[in-house]
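A short write-up of the structure that comes next.
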Amino acid sequence: MKKLPEDFLLGGATAAYQAEGATNTDGKGRVAWDSFLEENYWYTAEPASDFYHKYPVDLKLGEEYGIKGIRISIAWSRIFPKGHGEANQKGVDFYRNVFEECRKRDVEPFVTLHHFDTPEVLHSDGDFLNRKNVNYFVEYAKFCINEYKDLVKYWTTFNEIGPIGDGQYLNGKFPPGIKYDLEKVFQSHHNMMLAHAKVVAYFKDNNFPGEIGIVHALPTKYPYNPKNLEDVRAAELEDVIHNRFILDATYLGDYSEFTKKAVNHILSVQGGELDIRDEDIEILTYAKDMNDFLGINYYMSDWMRGYEGENSIVHNSRGEEGSSEYKLDGIGQREFDIDVERTDWDWMIYPQGLYDQIMRLTRDYPNYKKIYITENGLGYKDVFVDNTVYDDARIDYIHKHLLAIYDAIQDGANVKGYFLWSLMDVFSWSNGYEKRYGLFYVDFDTQERYPKKSATWYKKVSETKEI
Ligand code: BGP
């Protein structure tokens, strides 16, 4: 039996838009997702998991099931319905009540300021491609940090800058639904990193209590055939797009020569030019050693082959195994037909990839201070029987990933905790209510919660640290 460190925290993750529902309650402003879901998908963010009203139930269950931390995001448009201006007191009060409930239940809130849900007014004005919005974000972040400093100790600026750029401008599954625009992908990454650095500098320069960091999704990229140079190159380029560019910005405060060359190559094939200014680099450099922690979201790895030809990304949103496609000219293509287990949504299940990613971080960015695994979990078509779900596959998935984390800790990585995605079932941005991840099953008609088999298993791990 292996044992995680005594102070290793086990928690659950949520996000405002996927959990709260109540999309226009108490003065909340619209977000781009509201109409994007209506127009492009078969579901909306109503009712979600009605966390807006049910948070006391979820936190009580959390306490009962050994949940020591919860990732919660603040919906920017509840606080500032139009992104800036006068604060909406009802929105401000809502999060105060939630954080107070967390304290009551002894569940530490890890608070994210932005989890995919920029207010619509700013989103339609270029979102983070528009530098004006970088400053609006910084103002909103400052407001929250000051408002909740008595209740919140752990702050995260952004959740997954990488998938935001991808979803918005590469695969088009997030609003505004643009595809194959690599210039916008990198520019969005860069501008958001700039916003992050400004907030981190503010937090540290003013000695706020607690810690601040960022959450990056870091899928590991392997060459399909490690002996084939084109495959090796494809894996490197994919890694730059999804991981290395934002990690450089976070911890180097600049882009390495390797990264710059890769980006130049990608843009020379795909078109585009970036606006990266000297003063941006100064800001990134100023903040690079100030990050208290890095949150890693890890779900999958990818195997890459070289590819030249037309761009083609097909998103498997219905969970029809084998229907995904990913091919980018001059970059590479993902190979799905390999000897690795995958989910119905073609996410390759590979715990070793988490170990490799953690160790890569410690090696390439030694100024990192500590890591939380801020998301990991199994999206599954859960079967509800006997008022529960016998989700052995999920238990197996979590167990294997905890073992990979254990190994990384043994090998010197400073990993302090793990947040399962998700605490209770929530809907999936581009896959709907059918793709469930939670420890607590949610009946979306009645909003009743039912602990799954995994919840009982997870509680034991949280209490004993034995895996
Ligand atoms: C991450 C997001 C989460 C969550 C999770 C699962 O990218 O931070 O919000 O959605 O992935 O992804 P999906 O819902 O697409 O299965």
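The values are calculated or read from the model by the stated rules, or taken from the named source; none is laboratory data. The structure displayed is predicted, hence computed values, not measured ones. As a convention, Cβ positions derive from the backbone with ideal geometry for all residues, glycine included, and neighbour counts pool all protein chains shown. All accessible areas refer to the heavy atoms of the entire protein, side chains included, with ligands and DNA or RNA removed. Shrake-Rupley method; radii C 1.70, N 1.55, O 1.52, S 1.80 Å.
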Study note, to complete from the structure: Here, strands (runs of 3 or more DSSP E) confined to segment 46-160 with at least 1 residues that are touching a Cys at 6+ places or on another chain (Cβ under 6 Å) and modelled with pLDDT of 95 or more are 108-114
Review point. Pick from PHE186, PHE143, PHE158: which is open to solvent by less than 30 Å² (accessible area, probe 1.4 Å), away from the ligand (no atom under 16 Å from the Cβ) and either within 20 Å of the chain's Cα centre (by Cα) or closer than 28 Å to LEU9 by Cβ (or both)?
Key: PHE186
Revision key, fill the gap. Counting only residues in segment 1-20 that are surrounded by fewer than 22 Cβ atoms within 10 Å (Cβ to Cβ) and modelled with pLDDT of 95 or more, the one nearest to the ligand (Cβ to nearest atom) is identified as LEU9
Check your understanding: For segment 27-40, which residues satisfy the criterion of being buried (at least 17 other Cβ atoms within 10 Å of the Cβ) and farther than 18 Å from LEU122 by Cβ?
Key -> LEU37
Exercise for review: State whether one or more residues within segment 390-397 are within 19 Å of GLY66 (Cα to Cα), more than 15 Å from the ligand (Cβ to nearest atom), out of contact with any His (no Cβ under 9 Å at 6 or more places or on another chain) and open to solvent by less than 10 Å² (accessible area, probe 1.4 Å).
Suggested key: yes
Check your understanding: Listed residues VAL107, VAL152, VAL121; which is more than 15 Å from the ligand (Cβ to nearest atom), among the β-branched types (Val, Ile, Thr) and open to solvent by 60 Å² or more (accessible area, probe 1.4 Å)?
Key -> VAL121
Check your understanding: Condition test on TYR355, is it within 20 Å of the chain's Cα centre (by Cα), hydroxyl-bearing (Ser, Thr, Tyr) and more than 16 Å from the ligand (Cβ to nearest atom)?
Key -> yes
Revision key, fill the gap. Being over 19 Å from ILE70 (Cα atoms), under 21 Å from the mean Cα position of the chain (by Cα) and modelled with pLDDT of 95 or more narrows LYS416, LYS400 down to just LYS400
Practice item. Within segment 240-248, identify whether any single residue is of a type in the set (Phe, Trp, Tyr) and either closer than 26 Å to PRO351 by Cα or assigned to a helix (DSSP H, G or I) (or both), and answer yes or no. Key: yes
Review point. Is it true that some residue in segment 442-461 is within 11 Å of the ligand (Cβ to nearest atom) and open to solvent by 20 Å² or more (accessible area, probe 1.4 Å)?
Key: no
Check your understanding: Can you name every residue in segment 399-441 that is farther than 18 Å from ASP7 by Cα, part of a strand (DSSP E or B), more than 11 Å from the ligand (Cβ to nearest atom) and open to solvent by less than 10 Å² (accessible area, probe 1.4 Å)?
Key -> MET424, PHE440
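Yes or no, residue by residue, for (1) at pLDDT below 95; (2) open to solvent by less than 10 Å² (accessible area, probe 1.4 Å); (3) of a type in the set (Phe, Trp, Tyr); (4) at positive phi:
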| site | (1), (2), (3), (4) |
| --- | --- |
| ILE212 | no, yes, no, no |
| VAL232 | no, no, no, no |
| LEU237 | no, yes, no, no |
| ILE246 | no, yes, no, no |
| TYR255 | no, no, yes, no |
| LEU274 | no, no, no, no |
